[in-house]
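Participant: Below are the structure tokens for one structure; questions will follow.
The values are calculated or read from the model by the stated rules, or taken from the named source; none is laboratory data. Model, not experiment: these values are computed from the prediction. FYI the Cβ positions are ideal-geometry reconstructions off the backbone, even for glycines, and counts take in every protein chain you see.
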Amino acid sequence: MVVKKTAQEPKSVKAQITRASLIVAAAAIMQEDGPSAVTYRNVAKRANTAASSTGYYFDSISDLLYEAGDYNMRSWARRAESVADAAEEMEVEACRDRVVELFLSACMPAEAGTAAPHYMQLLAASESAAVTKAYRAGRARLDSAVERIIERVGLKDVTPRFVIALVDGAAVSAVSEGESAHERARALLAEWVYPVMRRDGLIAQEDVPQA
């Protein structure tokens with residue numbers, strides 16, 4: 001699927017603001033209710049603009065969905081990059097002590113109550129080829145940020161995709177069972193990473209991870 005650039009590229013500052021507000025509105029709707037809820041009418045209402053403005057700035061719903069998906073992905077990547085920045089500013093020992101929380105913060109929304117909607121909308125992304133295209137395109141930044149944490153800790157033979165899949169899998173299973181996604185992911189990360197770090201000599205055998 002090829003997603004075209006919209007024919008109506010905004011020239012004035014006001015037009016740029018309007019277009020951006022429509023993208024933010026679509027991104028929020030998608031996070032709450034999935035891609036199928038992103039319609040011209042719903043987006044215009046959320047952005048408090050005229051219904052006709054959505055069709056003016058975007059040639060199709062697919063164009064708008066791609067932009068909204070890209071906005072969400074960039075937001076998640078910025079969160080992960082902020083965590084990676086913090087990790088790189090820590091002493092290596094402190095980073096290793098806090099590796100579980102660093103991975104958790106990089107891979108999941110911070111607020112406990114947002115985990116279920118976050119993963120539900122990720123699963124719903126399959127409803128739209130435009131959204132899945134945007135998510136695939138933006139994945140590199142998220143992977144890169146997690147890779148920076150891996151490198152700072154000194155983990156060997158560990159990929160960002162593995163860490164993210166571990167967190168996501170734990171979170172989805174917890175949500176499906178009505179339990180805390182953060183606590184399940186935290187426990188599974190600790191169960192995996194600390195034995196690996198001890199095996200590789202990154203922390204002492206008797207070290208107790210920082211809560």
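Participant: Have a look at Ser62, Ser82, Ser105, Ser53 and point out the one that is out of contact with any helix residue (DSSP H, G or I) (no Cβ under 8 Å at 6 or more places or on another chain) and in a helix (DSSP H, G or I).
Facilitator: Numbers: Ser62 fails: out of contact with any helix residue (DSSP H, G or I) (no Cβ under 8 Å at 6 or more places or on another chain); Ser105 fails: out of contact with any helix residue (DSSP H, G or I) (no Cβ under 8 Å at 6 or more places or on another chain); Ser53 fails: out of contact with any helix residue (DSSP H, G or I) (no Cβ under 8 Å at 6 or more places or on another chain).
Among Ser62, Ser82, Ser105, Ser53, only Ser82 is out of contact with any helix residue (DSSP H, G or I) (no Cβ under 8 Å at 6 or more places or on another chain) and in a helix (DSSP H, G or I).
Participant: Only one residue in Ala140, Ala170, Ala124, Ala165 is in contact (Cβ under 8 Å) with a residue 40 or more places away in the chain and not β-branched (Val, Ile, Thr). Which one?
Facilitator: On the way: Ala140 fails: in contact (Cβ under 8 Å) with a residue 40 or more places away in the chain; Ala170 fails: in contact (Cβ under 8 Å) with a residue 40 or more places away in the chain; Ala165 fails: in contact (Cβ under 8 Å) with a residue 40 or more places away in the chain.
After ruling out the rest, the residue left standing is Ala124.
Participant: Looking only at region 91-98, decide whether some residue is touching a Cys at 6+ places or on another chain (Cβ under 7 Å), among the β-branched types (Val, Ile, Thr) and either within 25 Å of Ile29 (Cβ to Cβ) or in contact (Cβ under 8 Å) with a residue 24 or more places away in the chain (or both). Before you say what the answer is, go through the steps one by one.
Facilitator: In the first step, residues of region 91-98 are kept if they are touching a Cys at 6+ places or on another chain (Cβ under 7 Å); the result is none.
Within region 91-98, not a single residue is touching a Cys at 6+ places or on another chain (Cβ under 7 Å), among the β-branched types (Val, Ile, Thr) and either within 25 Å of Ile29 (Cβ to Cβ) or in contact (Cβ under 8 Å) with a residue 24 or more places away in the chain (or both).
Participant: Picking from Glu81, Glu127, Glu111, Glu89, which residue would you name as being surrounded by fewer than 19 Cβ atoms within 10 Å (Cβ to Cβ) and over 28 Å from Leu64 (Cβ atoms)? Spell out how you get there, then give the answer.
Facilitator: Numbers: Glu81 fails: over 28 Å from Leu64 (Cβ atoms); Glu127 fails: over 28 Å from Leu64 (Cβ atoms); Glu111 fails: over 28 Å from Leu64 (Cβ atoms).
After applying the criteria, what remains is Glu89.
Participant: A further question on this structure: Report, by residue number, each residue of region 134-153 that is over 12 Å from the mean Cα position of the chain (by Cα) and at pLDDT below 90.
Facilitator: The one that is over 12 Å from the mean Cα position of the chain (by Cα) and at pLDDT below 90: Ala137.
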